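Q: Questions regarding the structure given below will be posed in turn.
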């Protein structure tokens with residue numbers, strides 16, 4: 001066996017791996033079948049929520065988004081890197097934890113968001129209300145449309 005076919009196979013594998021990694025960075029985790037999740041990348045109406053559209057400078061929008069998240073009760077940002085953010089929100093009484101994932105697409109001028117309960121079946125609309133409250137805060141400050 002010659003080295004050229006082997007190098008071609010390695011190059012194709014690396015190319016696929018890089019493409020898959022780049023694609024994965026632009027996608028939020030899908031929502032489970034349960035109704036305790038909303039996502040701007042969901043394909044079904046029950047889980048879908050509109051992404052945030054912005055027209056200003058991405059850095060200003062990102063800073064405003066983080067500040068708005070931190071103003072929400074019992075919410076902590078646990079990761080902030082490369083236009084990606086993860087935060088957790090803990091309920092007051094039962095201490096249930098919800099995960100909030102945010103992805104900024106600077107080219108499309110969109111902020112994709114997902115808010116989901118870690119446990120249970122229904123959240124009584126808490127995740128949808130959280131995202132809509134965040135949207136309202138950002139609209140009030142004028143950083144999103």
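Q: Can we say residue 38 is touching a strand residue (DSSP E or B) at 6+ places or on another chain (Cβ under 7 Å) and either in a loop (DSSP other than H, G, I, E, B) or more than 19 Å from residue 143 (Cα to Cα) (or both)?
A: Considered against the rule, which asks whether it is touching a strand residue (DSSP E or B) at 6+ places or on another chain (Cβ under 7 Å) and either in a loop (DSSP other than H, G, I, E, B) or more than 19 Å from residue 143 (Cα to Cα) (or both), residue 38 comes out as yes.
Q: Of the residues 101, 123, 145, only one is in a loop (DSSP other than H, G, I, E, B), touching a residue at least 24 places away in the same chain (Cβ under 8 Å) and surrounded by 14 or more Cβ atoms within 10 Å (Cβ to Cβ); which?
A: Unique residue meeting the criteria: 123.
Q: Next question. If the requirement is being at pLDDT 95 or above, touching a helix residue (DSSP H, G or I) at 6+ places or on another chain (Cβ under 9 Å) and either within 24 Å of residue 30 (Cα to Cα) or not in a helix (DSSP H, G or I) (or both), which of these qualifies: 138, 134?
A: 134
Q: Let me ask something else about it. How many of the residues making up the range 51-85 are in contact (Cβ under 8 Å) with a residue 12 or more places away in the chain and surrounded by fewer than 19 Cβ atoms within 10 Å (Cβ to Cβ)?
A: Going through the range 51-85 one residue at a time, the tally reaches 17.
The values are calculated or read from the model by the stated rules, or taken from the named source; none is laboratory data. Every value quoted in this text rests on a predicted model; they were computed, and no experiment measured them. Counting neighbours? That spans all protein chains shown, and the Cβs are built from the backbone with ideal geometry, glycine included.
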